[in-house]
Amino acid sequence: KASGPIVISTWDFGRAANRAAWDVLKTGGTALDAVEAGVKIPEADPNNHTVGYSGFPDRDGRVTLDACIMDDKGNCGSVAALEHIVHPISVARAVMEKTPHVMLVGDGALQFALAQGFEKTNLLTPESEKAWKEWLIKAEYKPVINIENKSYDKGPSAFNPLMLPGNVYNHDTIGMVALDANGNLSGACTTSGMAFKMHGRVGDSPIIGAGLYVDNEVGAATSTGLGEEVIRVVGSFLVVELMRQGYSPEAACKEAVTRIVKKNPERAKGIQIGFLALNKKGEHGAYCLHKGFNYAVCTGDTEDKNILIDGKQ
Ligand code: SD4
């Protein structure tokens, strides 16, 4: 018998998201409904500049969002480079449920969202615009992602996940996977992607198998960090396949990170990659390249916590 329900998600902002997911799980709701409800919290949060509304824009000043969702039956939906919509995860779900397709991008995704009744919203808040204008002064196209943040050493509350040493803006995706009371798994992943990216750049997050994968026989996985590296190894699919071979969630995540490093140790320097996994038994684990990655776990009304993962590479 599966030991759900449980929901886990990336980073400390995953805690608030998990609570929203938990409200669905605790009343017998499906993992699919739970993960959608969960990730909508950071999507709408004006203080979170890495997901949804108020996400940092691309280098042309446009906020373009990536998201995907996958259920226990292998159904999946995805949007990439979607503009003007606060909840890309819900558009991804609509792609899954209301079209014969898996993925819609850019203008086509927006057109579909508007036709589905999603409202057009300006996602660029004054704060994000200010950050972009500051970035424009140098306009260095140097995508640095959540590598070890010294302020984390002062404890999670002092940790500003948006700022790296040297005031380099960071960015973090929310990836969430859940197991419901019926023992079914689902997952969701949503992000504004790399801050100040090239217009049209798509990361791993909306790519089924890279940023998220769910196999209801085995487990589910999601990723955060430099998406290009995750795409190269089809990371989340790899983690799930390793769990199928008997790896624990943590060992599977570790092997996926190790593969990325092995492929190109030079390229792996100075970037962050984190994988997070949950198996069918409700066991969870994660692994990352650099110290500072953490994830949130929720198994009850008062059972929520953050687990700090220190990379050992
Ligand atoms: C991307 N993987 O767009 C995402 C971003 C991320 O922590 O997770 N950053 O590449």
Could you give every pair whose Cβ atoms fall below 6 Å, whose first residue belongs to the stretch 217-230 and is closer than 13 Å to Gly193 by Cα, and whose second residue is assigned to a helix (DSSP H, G or I), counting only separations of at least 6 or pairs across chains?
Ser223/Val230; Ser223/Gly235; Ser223/Ser236
Glu241 fails exactly one of (1) within 11 Å of the ligand (Cβ to nearest atom); (2) among the acidic types (Asp, Glu); (3) outside any loop (DSSP other than H, G, I, E, B), namely (1)
Name the single residue, out of those in the stretch 203-221 being near the ligand (Cβ under 8 Å from one of its atoms) and either basic (Lys, Arg) or over 14 Å from Met176 (Cβ atoms) (or both), that is surrounded by the most Cβ atoms within 10 Å (Cβ to Cβ).
Asp204
Name the one entry in Gly38, Gly29 that is in a loop (DSSP other than H, G, I, E, B), at negative phi and modelled with pLDDT of 95 or more.
Gly29
Scan the stretch 186-201 for residues that are buried (at least 24 other Cβ atoms within 10 Å of the Cβ) and either touching a Phe, Trp or Tyr at 6+ places or on another chain (Cβ under 8 Å) or modelled with pLDDT of 95 or more (or both) and jot them down.
Ser186, Gly187, Ala188, Cys189, Thr190, Thr191, Ser192, Ala195
Looking only at the stretch 1-26, filter to residues that are away from the ligand (no atom under 16 Å from the Cβ), assigned to a helix (DSSP H, G or I) and of a type in the set (A, V, I, L, M); which one of those is farthest from Glu119 (Cα to Cα)?
Leu25
Looking only at the stretch 293-306, decide whether some residue is within 13 Å of the ligand (Cβ to nearest atom) and of a type in the set (Phe, Trp, Tyr).
yes
Residue under question is Gly227, and the condition is that it be within 15 Å of the ligand (Cβ to nearest atom) and out of contact with any Leu (no Cβ under 8 Å at 6 or more places or on another chain); does it hold?
yes
Tell me yes or no: at least one residue of the stretch 298-312 is under 20 Å from the mean Cα position of the chain (by Cα), farther than 20 Å from Ser205 by Cα and either at pLDDT 90 or above or buried (at least 24 other Cβ atoms within 10 Å of the Cβ) (or both).
yes
Residues in the stretch 45-77 that are within 13 Å of the ligand (Cβ to nearest atom) and touching a Cys at 6+ places or on another chain (Cβ under 6 Å) total 1
All conditions in (1) out of contact with any strand residue (DSSP E or B) (no Cβ under 9 Å at 6 or more places or on another chain); (2) within 30 Å of Ile137 (Cβ to Cβ) are true of Leu226 except (1)
Checked the stretch 27-44 for anything within 16 Å of the ligand (Cβ to nearest atom) and out of contact with any Ser or Thr (no Cβ under 7 Å at 6 or more places or on another chain); matches are Pro42
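The values are calculated or read from the model by the stated rules, or taken from the named source; none is laboratory data. Note that the structure is predicted; figures quoted are calculated from it, not measured. Note that we place each Cβ from the backbone using ideal geometry, even for glycine, and neighbour counts take in every protein chain shown.
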